[in-house]
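Notes follow once the structure below has been shown.
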Amino acid sequence: MKAALNAEIDHRKEKFKALQSALAERMNDIPLSGIREIFEMSQAIPDVIRLEFGEPDFDTPKHIKEAAYDALREGATKYTSSFGIPELRVAIAEKMRNENKVKCDWNNVVITTGATSALSLAVLTTMNPKSEILIPNPGWANYVPIARIGGAVPIGYSLSEKDDFQLDVDALEKLITPKTRMILINSPSNPTGAVLKEDQLKAVGELSVKHDLIILTDEVYEKFIYDNEQHFSIASYPQFHDRVITVNSFSKTYAMTGWRLGYAVAPEEMAEAIGRLNGSTNSCAAAMTQFAALHALRASQGCVTEMVGAFARRRKIVLEGLSELPRISCPVPKGAFYAFVNISNTGYHSKELSMKFLTEGHVATVPGVAFGSQGEGYIRLAYTSSEENLKIAVSRMGKVLRS
Ligand code: PLP
């Protein structure tokens, strides 16, 4: 099976290369996603346990779906403002003030098609050609292409297990050049699960003031927090507030990945630019989705608590299971729904071991190197599967490691 899968990868790479010749040069900067690659290969394995995708396996709560049906029935089938429907912008501003302690009003909020689009728009509206953006390494794989499509240059800052994947602010400062214009932070982190401490956020904020930088903060996992850890929004500190673009989404919090709804909260002139550009690139987020999101925010948050509770139980199962396996270790993730497993003592590169887990153990994981060079030596498991599946997956991984 391994030979067949390798042949399939080679075939895809060749095909990819051939197709590239017809495309614009910028497409050379957009790699095949490492996650997609694993997914495609796993299609041939019927009993595979999927731990590669970063999306809740739960369905969107019923009351949110009902709100979308209602919105459709009531005629939410047209374009909306490219900034989003006013009711949702008001509700998000209220949420940001009450929960995140961020001073803002509805004109600071722009509704986008997911956090992905909010991040792209934020980069496109603030970066000049060749401006440098500091991005986490390891970090969510889309940060690099998002920076490059925006004409900017992504510069990775290393996150390391010895620092609990917190920032090394001195090292970060050394990467700043006259071209640096933005620092991107992501807490809780994909893929490490680290939650940035308050003193770290303040240190980054001070750096941004000292060097006159914009902070782009990706907070899509804000609700997935464990062990009494706390999520802080860097925009809540008044001394940094005016230079922060906060990005968030309904994708993870409400299990709404396919609905494509996110938002940016930014100082007014940036929000105005983001909305304007949204108008010429996406028009607007889907109307019925916006009404469903409004309902998600206004209704009881019990569904979120329930889902996070389920992830907390799964996390415990995964961490306990992994602790029994030979030659690997797993730093305790305080947030998101990922285990970033240290495999450096197995003698395998992350791609090799991930492939072994797939072909021999029938468990789909993502090689850490898909998240940047500093992800080598790790593989990422998303515990987005049932408790039973997670137990089986860990046991299969154990068999592979012992074989
Ligand atoms: N930011 C991070 C860190 C993510 O992991 C993801 C999705 O996996 C996103 C943003 C994208 O979120 P959305 O579905 O809202 O575009």
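The values are calculated or read from the model by the stated rules, or taken from the named source; none is laboratory data. Computed from a predicted model, the values in this text were never measured in an experiment. Please note: Cβ atoms are built from the backbone with ideal geometry, for glycine as well, and neighbour counts cover all protein chains shown. Remember, those area values only see protein heavy atoms, side chains included, never the ligands or the DNA or RNA. Shrake-Rupley method; radii C 1.70, N 1.55, O 1.52, S 1.80 Å.
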> From A194, A286, A271, which residue is among the small types (G, A, S) and within 25 Å of P331 (Cβ to Cβ)?
Replying inline: A194
> If we keep just the residues of the stretch 358-403 that are part of a strand (DSSP E or B) and within 21 Å of the chain's Cα centre (by Cα), which is farthest from P331 (Cα to Cα)?
Replying inline: A364
>> So for the stretch 116-131 (the condition being within 24 Å of Y237 (Cβ to Cβ), away from the ligand (no atom under 16 Å from the Cβ) and among the charged types (D, E, K, R)), does at least one residue qualify?
In response: no
> Which residue, of K101, K78, K62, is at positive phi and open to solvent by 70 Å² or more (accessible area, probe 1.4 Å)?
Replying inline: K101
> Name the pairs: first residue in the stretch 260-274 and of a type in the set (D, E), second residue more than 16 Å from the ligand (Cβ to nearest atom), Cβ to Cβ under 7 Å, at least 6 apart or on different chains?
Replying inline: E268/N107; E268/N108
> Does at least one position in the stretch 141-154 carry a residue that is small (G, A, S) and outside any loop (DSSP other than H, G, I, E, B)?
Replying inline: yes
> Assuming N228 fulfils every condition listed in (1) assigned to a helix (DSSP H, G or I); (2) surrounded by fewer than 22 Cβ atoms within 10 Å (Cβ to Cβ) apart from one, which condition is it?
Replying inline: (1)
> So is L325 in a helix (DSSP H, G or I) and farther than 22 Å from F232 by Cα or not?
Replying inline: no
> Within the stretch 33-42, restricting attention to residues that are under 17 Å from the mean Cα position of the chain (by Cα) and not charged (D, E, K, R), which residue is most open to solvent (accessible area, probe 1.4 Å)?
Replying inline: S33
> Here are T253, T217, T289, T305: which of them is within 25 Å of A336 (Cβ to Cβ), among the β-branched types (V, I, T) and part of a strand (DSSP E or B)?
Replying inline: T217
> Hey, any hits in the stretch 123-139 for a residue that's buried (at least 23 other Cβ atoms within 10 Å of the Cβ) and assigned to a loop (DSSP other than H, G, I, E, B)?
Replying inline: yes
>> Looking at the stretch 188-209 only, could you name the residues that are out of contact with any helix residue (DSSP H, G or I) (no Cβ under 8 Å at 6 or more places or on another chain) and open to solvent by 20 Å² or more (accessible area, probe 1.4 Å)?
In response: K197, E198, D199, K202, E206
> How about the stretch 330-350: which of its residues are free of Cβ contacts under 8 Å to residues at least 40 places away in the same chain and closer than 21 Å to S158 by Cβ?
Replying inline: C330, I343, S344, N345, H349, S350
